[in-house]
1. Per the Debye formula with a single identical scatterer at each Cα and no solvent contribution, what log10 I(q)/I(0) holds for the chain at q = 0.07 Å⁻¹?
2. What's the local net charge at W231, with K and R +1, D and E -1, over the other residues with C-beta under 10 Å away?
3. Can you give the longest run of the chain that contains no chymotrypsin sites (Phe, Trp or Tyr not before Pro) sitting in a DSSP loop with at most 15 other Cβ atoms inside 10 Å?
4. For region 63-73, in order, what is each residue's ³J(HN,Hα) by Karplus, 6.51 cos²θ - 1.76 cosθ + 1.60 with θ = phi - 60°, in whole Hz (x at glycine and Pro)?
5. Please compute the net charge surrounding A79, taking Lys and Arg as +1 and Asp and Glu as -1 over other residues with Cβ under 12 Å from its Cβ.
6. Please report how far the C-alpha centroid of region 167-206 lies from that of region 91-117, rounded to the nearest whole angstrom.
7. Counting only DSSP beta bridges with both residues in the chain, tell me the antiparallel percent, nearest 5.
8. Loop-only GluC sites (Glu not before Pro) in region 1-79, please: DSSP not H, G, I, E or B, and at most 13 other Cβ atoms within 10 Å.
Amino acid sequence: MHNISADDASQANRRWWNSDADAYHEAHPEYLQSFFWCPEMLAEAEAHLLGDLKDKRVLEIGCGSGPCSSWIAETFPSATVIGFDISADMVRRSSGTFPALLADVHRIPLAANSMDVAFSAFGAFPFIPDLTVALREVARVLRSGGTLVIAANHPMRWIFEDFPDERGLIATNSYFEQHYVESDEHGELQYAEFQHTMADWINAFHAAGFSIEGMTEPTWPEDLTTTWGQWSPLRGKIFPGTVIFQARLSEQLPPSPHQHRLQPPGAQ
Ligand SMILES: C[S@@+](CC[C@H](N)C(=O)[O-])C[C@H]1O[C@@H](n2cnc3c(N)ncnc32)[C@H](O)[C@@H]1O
């Protein structure tokens, strides 16, 4: 169990992504030149997980330098695309083809019901302790019936150590209650990543008013030889590294978690 608050995680991850922005872009030039959902190089141009974005208001969560939003802006000129990210050094590398805001997923600086579609390709969600809080904030800015698509680390990955080779094939860690943190010599948090189990995801979508309409576990392509951190052809052939959820915001909001406390004694 951890006791890391959302603000502490955001502060640490903002610092970390600022300091890693150059190295990240140098390490993944091919991935960052178009809209790929994940290290398995699933392209939105082929997957069409967001559907036709003509005339749609689209929000990217944790956009980094925005290769995905740039692709949308070029492919669907009539769409309104906005991205946001917590790291100024990631955002400042964006192409300028869409507005990129500096913001935390816990406090999105947009009006309620202002977007039709929201999505994230490994942005923000792996780095927050509580999915429900963040998904409720996304639900606030989406119109009812709006679409949300999120790609993130597959929950089963946490049982393995982060090695791309045979060492990463041995299950050594508990699936439950995990997080990974780095601190400096003074004990100050520098990086925080959180395990969200499959139940965490499904329950959080439900609590925030979304219904899950589809799930994708991208397979490793035969011709993809790239190793990216712990992602590798060896592991990719055996188990998934990414899960992508396609969800829709219900027309009716779910009951507030505090609703029952407001009812008078004896009320149903
Ligand atoms: C793996 S990168 C993905 C970025 C982009 N989708 C890409 O493929 O380059 C993760 C991004 O999430 C951002 N991030 C982390 N925590 C966040 C938060 N609480 N709110 C918004 N963005 C966050 C980081 O700054 C980083 O740019």
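1. -0.25
2. Within the 10 Å Cβ shell, the charges total 0.
3. Values: sites that count: Y175, F176.
It works out to 1-174.
4. Rounded to whole hertz, the list is 6, x, 7, x, x, 6, 5, 4, 4, 5, 4.
5. Numbers: positive: K54, K56, R57; negative: D52, D55, E60, E74, D116.
Counting the neighbours of A79, the net charge comes to -2.
6. About 26 Å separates the Cα centre of region 167-206 from the one of region 91-117.
7. Percentage antiparallel, nearest 5: 55.
8. Answer by residue number: E30.
Read-outs: derived from the displayed coordinates by stated rules, not from any lab. Nothing here was measured: the structure is a model prediction, and the numbers come from that model. For neighbour counting, all protein chains shown are included, and Cβ atoms are generated from backbone atoms with ideal geometry for every residue, glycine included.
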